[in-house]
Structure formats: structure tokens, C-alpha cells
1. I need the full set of residues from the range 240-254 which are closer than 20 Å to Gln134 by Cβ and crowded, with 16+ Cβ neighbours inside 10 Å, in order please.
2. When you look at Gln219, is it in the same structural domain as Val141 (by TED's automatic domain parsing) and in a helix (DSSP H, G or I), yes or no?
3. What pairs come out if I take residues in the range 239-258 that are without any contact (Cβ under 8 Å) to a residue 24 or more places away in the chain and pair them with residues that are part of a helix (DSSP H, G or I) whose C-beta lies under 6 Å away, six or more apart or interchain?
4. In the range 14-36, which residue that is farther than 30 Å from Gly220 by Cβ, outside any strand (DSSP E or B) and not charged (D, E, K, R) is modelled with the highest pLDDT?
5. Need the failing condition index for Glu85 against (1) surrounded by 15 or more Cβ atoms within 10 Å (Cβ to Cβ); (2) at negative phi, just the number.
6. Could you please tell me which pairs satisfy a Cβ distance under 7 Å, a separation of 6+ or placement on different chains, a first residue in the range 332-344 that is within 10 Å of Asp381 (Cα to Cα), and a second residue that is aliphatic (A, V, I, L, M) and outside any loop (DSSP other than H, G, I, E, B)?
7. If you go through the range 180-214 one residue at a time, how many are under 12 Å from Ile248 (Cα atoms) and assigned to a strand (DSSP E or B)?
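The values are calculated or read from the model by the stated rules, or taken from the named source; none is laboratory data. Note that this is a predicted model, so its numbers are computed, not measured. Because the Cβ atoms are built from the backbone with ideal geometry, glycine has one as well, and the counts that use them run over all protein chains shown.
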Amino acid sequence: MVNTATTRLEAEHYVSCTGQNKTTEADEELSGGLAITDTGAALNYRIEVQTSGLYAINYRARAGSDTSRWSLAADGAALANSDTELTAGDSGDWQDTTATEVYLSDGPQTLTLNFSAPGAALDYLELHYAEPTQYTPHDVVAQMGIGINLGNTLDAYPNEGDWAPAAQESYFAAFAEAGFNHVRIPATWDNHTANSAPYRIDEARMARTEQVVDWALAQGYPVILNAHHEIWLKQDYNDANRERFDAIWTQIAERFQHKSARLLFEILNEPNGMSAAQSNDLNPRILDIIRAKNPTRLVVIAGSGFTPVNTLADIELPNDPYLIGNFHSYDPWAFAGQCTRGWGTAADHDELEGVYQTASQWAQSNGVPVTVNEFGAAHEDYENPENICNQADRLEYLRAHVNFATQYGVAATVWDDNGSFGVYNRGQGTWGPEKDILVAPNP
């Protein structure tokens, strides 16, 4: 079992030392170690990781006559940041060398050391859990800064890829490289969940969601996973639908309970069609379900409707120290969504600053930090594409959002749908001019 303390894997406990298309024994057994002389050899360890997250992997090893190199894979998939090189010292003594920020998912898996240059002698390797196991809401919101949505991907229905390109691991690396500090993964569960008890979520969908979440967590930033376009619940908040939604969150909470504490749960996106009373009934119901398996995981809650900033005041806060309040802002929609007016006057700036002032005042009054996990400005109205937003106004609007969010201590997540609100072109792997404004706020 690999847990959040240091775990040592002795070299003599290897499962196999494999060469090209065959299994061979190690060249010799050392006192406390194994010598590897074949390029292409591999050592396999069957492990079970208790908690996913970033690990530092320390090797007690000795290089051969020159330089030895190896890397890690988990269940055959190469692990980023795991490439390790060791140069022989004059005395040929054992040395310690470490690979850092190597992400391991939770659960049973085969960890493989692949040797690309021969001559290494391996005594043991140690896995050190290298991130906090718990966060306060204020600390993580301060870390989140400005982030980006993977919109129209896992929230597409009936299938991923119908509204935007299917998720790829490279997207999350691109987000990190660009300078975004967190990612939100909207996910709709309706079309992947049975309509009768026990309301089982399709395993392929659950596994795919876990894969995407792991790709994001591997980048080292906070990640938000939610329930997004659950229209069936929002428009008909009855007993049967509540039971089904409870079952969905029961399965999510259980499946993701061993993920890094950087994974946040968001109960429900924009409960438009539900009253404030219904939202205040739903939030503690789902929170109790989450807490059964995730007692300290951060949970994002919101008010009703499309969750504009004034609905923060509608939230009846449960007595829970791990909550983050949330609102959305595309204000004014006539500009940001419909492109039927411009933006940028002093009055426009004052109105937008008022949004963030309201959020900040609510956060201070309640002792709960706030995120605006959707904001943005369209290139054109997707319903009336002849209405095109002025580009200079768009960029000024985004800059104002980022600067006000930074000034008032609100974490902010730009809406990117690879469409009318696109910031990152997923097909081409390129950024629009919005990126430099979003990751480098200017007064």
C-alpha cells in the first residue's frame, strides 16, 4: 500500500525484469539491490496507491561506468516528470536522486521502471507524498487565481465530442504552460445514468471522467468537477429526481474519495428553474452525501437561477468549514452574450466593479471565500451569429474582470467552450489574444 507517508519499494521485491519481448532475471542480485545491464530492461512493481497526487520519488542507486537513465510508467502510461539520470561518481558509491512532481492516480496499478541506458544498480526507491492532504477554503481560493473551463466537453450530451473536441491530456498541460492556475471540468451525468434505482452511472463514463480528472490533477493545480446540464432535475425538482441526483453524487463521492485534496466538488451548475428554497434544500442534501466519504474535501455551492452575484445572499450556508461560495457573471448579457451593444465606459467599469464588491462583502460577512467560476465575452452570439462583439471591447472587458477579481480576492474561471466563447483553439493548440490578458492582469 502506497500511502501519504513515505513508502519504500525494495529492488529485490521486483515482479519481473523484462527485456525486449521477453522476461529475464536481473543480471545479479546485490546486497539490498539489483544490477541492470541491459538497455530496454524494466522493473515492475505491483502497488496500490491510497491517495492520488504528486509524489517525489527518491532512488537509492549506483550508476555504471557512465550515465544511467530510467523513467516511470503506470499501467503502461508514461509518467510526466519521471525521467531520471544518474552519472557515475569517482568512487562508484550509492547515490540518492529524486524525480519530483510525479502524479500517481489512486488504486492498484503496475509501476514500471524503464531503463533507457544500462549500467544502473538499484537498491530501492521511495515514494513520498508531496502535497497537502487538506486545504482551507481561503488558502485554495488564493492559489486558484485565474483559471479556465473545459466547457462543452464532458458536459456535452449525449456524448463527449458532440459539442467540442473530446478531452486530451495535452489540453491540461497547455493550460498550465499558459499560466492558468486552476481548471473547471463541467460534467453532465444525465445521459450516462440509469433512470431507475439504483440509478447506476455507466462505468465507461465514470472511468473516462476519472481519466480526465487525473490528467488535470497531474498538472498540480486545483480542479473543479461538477454536475452541469442536469436540466431534468432543475426543471422538475420532484422526489424521484432528487433521489436520482442523490444517487449520482453518492457514486461520484465514492469514486473520487481518494483523489488529491486539490479536487473540488461543485454541487450543481446554474440551477435555473429551481427556486432559492429548492436550492437550499438541495445543497445540504448533497453536502451530507459528499461528507460521508469526503469529510474535508472543498465543496463549491451557489444560489439559484443562473447564479448572478446577488443570489449569493440567497444561500443558507450549512455549518461546514470547507465551503466556497460561487456566482457567475456575464454582465451585461446584451454585450457579453448577445453582442448587441459595446462595453467600456466608466459606468460599465463601475457596474462590473460593483459585482465584485458585492461578492467580497458577502465573503467577508460569512467567512466563506468566493469564486466566479464562469465569466467571459462571446466572439459572436451563437444564436444570432451575425451579431459580433467588438474585439477591443471584449479584451477590455476580460481585463476588467481579471483585475477586479484579483483586487477583491475572488478566484475566477473564464468560460471557454471552443466555440463562441473560445479562448484556446483545441484543434490547433493555439491561443487567442485573450490568453495574455487573462494570465497577466494589468491595472
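1. Ile252, Ala253
2. No; evaluated as a whole, the condition is false for this residue.
3. Asn241/Leu233
4. From the range 14-36, those farther than 30 Å from Gly220 by Cβ are 16-36; that's our starting set.
Okay, now just the ones that are also outside any strand (DSSP E or B), so 20-21, 25-27, 31-32.
Those still in the list that are not charged (D, E, K, R) too: 20-21, 26, 31-32.
On the way: Gln20: 26, Asn21: 24, Ala26: 33, Ser31: 40, Gly32: 47.
If we take residues in the range 14-36 being farther than 30 Å from Gly220 by Cβ, outside any strand (DSSP E or B) and not charged (D, E, K, R), then Gly32 is modelled with the highest pLDDT.
5. Status for Glu85: all satisfied but (1).
6. What qualifies is Cys339/Ile388; Thr340/Ala334.
7. Of the residues in that region, 2 qualify.
Every residue, every condition in (1) modelled with pLDDT under 95; (2) over 24 Å from the mean Cα position of the chain (by Cα); (3) among the aliphatic types (A, V, I, L, M); (4) closer than 29 Å to Tyr221 by Cβ, yes or no:
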| position | (1), (2), (3), (4) |
| --- | --- |
| Tyr330 | no, no, no, yes |
| Ala334 | no, yes, yes, no |
| Leu352 | no, yes, yes, yes |
| Gln364 | no, yes, no, yes |
| Gly367 | no, yes, no, yes |
| His379 | no, yes, no, yes |
| His401 | no, no, no, yes |
